[in-house]
1. Which whole-Hz ³J(HN,Hα) couplings does region 143-154 yield from phi under the Karplus relation 6.51 cos²θ - 1.76 cosθ + 1.60, θ = phi - 60°, glycine and proline marked x?
2. From the Cα gyration tensor of region 67-159, with a ≥ b ≥ c the square roots of its eigenvalues, which class applies: rounded if a/c is under 1.5, or else prolate if a/b is larger than b/c, or else oblate?
3. Can you send over the solvent-accessible area of Asp109, 1.4 Å probe, protein chains only, in Å² to the nearest 10?
4. Excluding Arg222 itself, calculate the net charge of residues whose Cβ lies under 13 Å from the Cβ of Arg222, where each Lys or Arg counts +1 and each Asp or Glu counts -1.
5. With N set to the number of residues, divide the alpha-carbon radius of gyration of region 119-189 by 2.2 N^0.38 Å and report two decimals.
6. What's the local net charge at Ser64, with K and R +1, D and E -1, over the other residues with C-beta under 13 Å away?
7. Quick one: grab the alpha carbon gyration tensor of region 1-46, order the square roots of its eigenvalues as a ≥ b ≥ c, and give me rounded if a/c is under 1.5, else prolate or oblate depending on whether a/b is larger than b/c.
8. So for Met37, Met1, what's the accessible-area order with a 1.4 Å probe, most first?
Amino acid sequence: MTIEALRSANPGLAIFGIDDPAFKPYGEPVPGDWSAMVRSLEEHAPVPEAGVAYVAAHPPLEASPDAGRIRGLVFGGADVQIGYCSGRNATINGLEYHKASEMLVAADDLVLFLALRGQLVAGPMGPTIDSSAAVGLFVGRGQAVELYSGTMHLAPCRLSAAGFRAAIVLPRGTNEAYEGALPAGDPLLRKKNKWILAHPERKPLIDQGVLPLLSGPNRELRLPEGGA
């Protein structure tokens, strides 16, 4: 599937690839051969029949021959967790950010909805953003990207009926339950190193205490006719 075909199917969404200068405010490609991590994802990251699966740290992926290179090249040797996200998601649903970089390695073609923390606007319940601010990043099978600290994202969107699989690399402990009471005055902080807001239609997130602060439509990534 080409970016041009995706753009035609989604005329209201700016979609670009990882080498496009438009990606520079959000992150950068991580060059190299990531085939070992792709094979590990194919073997150890099943795609659920519905919804999205997320495993923060998955031993088979952390044992991949690519794991050491990830730690050194992207995180400067710091301790990281290597897990995965997989599913058949097609909508934006919400946005989250971390105060650290995140690396993603795609085992299938996928698109990420992205926005910037600096685009948040103060509101009565907490910082808010309209879904129209989001752009789409196409990440092809075998490609890897670093999302900078403060780049807002959530689960990828599928580009085929078979779904998507991606390795997700973050500082260890990210997305774990916050120990003790959450600090007052920061309504987006919900877990360790995880600031998140939900679209009002995304009830599973709201049921977890995430505030419905993503306004506008719950944008859907539409596939070209015959593309699913």
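1. 8, 10, 9, 9, 9, 5, 3, x, 6, 8, 7, 7
2. It comes out oblate by the Cα gyration axes.
3. Per-residue accessible area (Asp109): approximately 60 Å².
4. Net local charge, Arg222 excluded: +1.
5. 1.42
6. Summing Lys/Arg as +1 and Asp/Glu as -1 gives -2.
7. oblate
8. In descending accessible area the options line up as Met1, Met37.
The values are calculated or read from the model by the stated rules, or taken from the named source; none is laboratory data. Bear in mind the structure is a predicted one, so any value in this text is a computation, not a measurement. Quick reminder, even Gly has a Cβ in these numbers, built from the backbone with ideal geometry, and neighbours come from all protein chains shown. For accessibility, only protein heavy atoms count, side chains too; no ligands or nucleic acids. Shrake-Rupley method; radii C 1.70, N 1.55, O 1.52, S 1.80 Å.
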